[in-house]
1. If we scan the range 100-107, do we find a residue that is small (Gly, Ala, Ser), touching a residue at least 24 places away in the same chain (Cβ under 8 Å), under 18 Å from Lys33 (Cα atoms) and crowded, with 19+ Cβ neighbours inside 10 Å?
2. For a quick check of your reading of the model, give me the residue pairs whose first member lies in the range 30-41 and is assigned to a helix (DSSP H, G or I), whose second is open to solvent by 60 Å² or more (accessible area, probe 1.4 Å), with beta-carbon atoms closer than 6 Å and at least 6 apart or on different chains.
3. Out of the range 49-78, which residues are basic (Lys, Arg) and under 16 Å from Arg112 (Cβ atoms)?
4. If you check every pair at least six apart or on different chains, which have Cβ atoms under 8 Å apart with a residue in the range 58-71 that is more than 14 Å from Glu44 (Cα to Cα) first and a residue that is open to solvent by 40 Å² or more (accessible area, probe 1.4 Å) second?
5. So which residues in the range 42-69 are under 19 Å from Val81 (Cα atoms) and crowded, with 16+ Cβ neighbours inside 10 Å, if there are any at all?
Amino acid sequence: HAALGQSSGGAIRLSNEKGSAQNAYEMGRADAKKDIQANILGMEVFGLPAVWDQDYKKILKEKYHIQMKTVAGCVVNTTIVNHAKGYNEISGAEMKRRFGADVFERAQEEARKQYEQPTGIKKGGTRP
């Protein structure tokens, strides 16, 4: 997953004006600030998820109340990417401030370990 921004309102607001990529970046930053003020912590993500992605999202939500918001699949444009970049710069800094600089690495490692526990899961990264 790469990371992106959706405000607590649910929809990304995008402009069709010239310079919309820069506008999307600024809107992403503003959306993250609003969410933080409302005590909503989130990261915008897009792209192909890791095989242990569901475990990762669950750990972040249950332990840290962080919502991973999938805003696109593998096909993105500069507006989506820039909104996510702006959103995640602000929200990521707040999460690291609250939970430590390695909060995402800790959650990823825990998710990987849970995924690979001896429950019939193949080491190759596929579930039977």
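1. no
2. Cβ pairs passing all conditions: Asp35/Ser8.
3. Residues satisfying the conditions are Lys57, Lys58, Lys63.
4. Ile59/Glu110; Ile59/Gln114; Tyr64/Arg98; Tyr64/Phe99
5. Gly42, Met43, Glu44, Val45, Phe46, Gln67, Met68, Lys69
The values are calculated or read from the model by the stated rules, or taken from the named source; none is laboratory data. These numbers were taken from a predicted model, which means no experiment stands behind them. Every residue, glycine as well, gets a Cβ built from its backbone with ideal geometry; the counts of neighbours run over all protein chains shown. In case anyone asks, the SASA skips ligands and DNA or RNA and just uses the protein heavy atoms, side chains included. Shrake-Rupley method; radii C 1.70, N 1.55, O 1.52, S 1.80 Å.
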